[in-house]
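Reviewing the structure listed below.
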Amino acid sequence: MKYIIFEDFSGQAIPVLFPDRIDHDELREQMPYGTVLSAGYVNHTGAGFVCHGEAKALGVASTASDASVIEQHFQQGAG
């Protein structure tokens, strides 16, 4: 899967995960958030999320904290 982490209007990091067949820039055009913090590819393993790669069209890459941001978002949604 692919992902983009946006900064929402209150300054929070919001991850959006989507299928590989959708380009990063296509999804970006559909989102109201102003700032893209990072983007790339995400996999889920037995140990959790693993993020890697980049979104050349957006000029950003995955960062070391992306997996944690995605994990926290899923934990908040489950509670």
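The values are calculated or read from the model by the stated rules, or taken from the named source; none is laboratory data. A quick note: this is a predicted structure, and the numbers were derived from the prediction, not measured. Cβ placement follows ideal geometry from the backbone for every residue including glycine, while neighbour counts extend to all protein chains displayed. Areas reflect the complete protein model, heavy atoms only, side chains present, ligands, DNA and RNA absent. Shrake-Rupley method; radii C 1.70, N 1.55, O 1.52, S 1.80 Å.
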statement: Log entry, pairs with first residue in the stretch 1-26 being touching a residue at least 40 places away in the same chain (Cβ under 8 Å), second being assigned to a loop (DSSP other than H, G, I, E, B), beta carbons closer than 6 Å, six or more apart or on different chains, reads 2/20; 14/8; 17/1
statement: Scanning the stretch 1-23 for residues that are farther than 15 Å from residue 54 by Cα and touching a helix residue (DSSP H, G or I) at 6+ places or on another chain (Cβ under 8 Å) gives 13, 14
query: Which condition number in (1) surrounded by 12 or more Cβ atoms within 10 Å (Cβ to Cβ); (2) at positive phi is the one that residue 22 fails?
result: (2)
query: What pairs come up if the first residue lies in the stretch 50-62 and is without any contact (Cβ under 8 Å) to a residue 60 or more places away in the chain, the second is open to solvent by less than 70 Å² (accessible area, probe 1.4 Å) and polar (S, T, N, Q), and their beta carbons are under 7 Å apart, counting only those six or more places apart or on different chains?
result: 51/62; 52/62; 53/62; 54/62; 60/38; 61/38; 62/38
- prompt: If you take the residues of the stretch 34-79 that are within 23 Å of residue 10 (Cβ to Cβ) and charged (D, E, K, R), which of them is least open to solvent (accessible area, probe 1.4 Å)?
  reply: 66
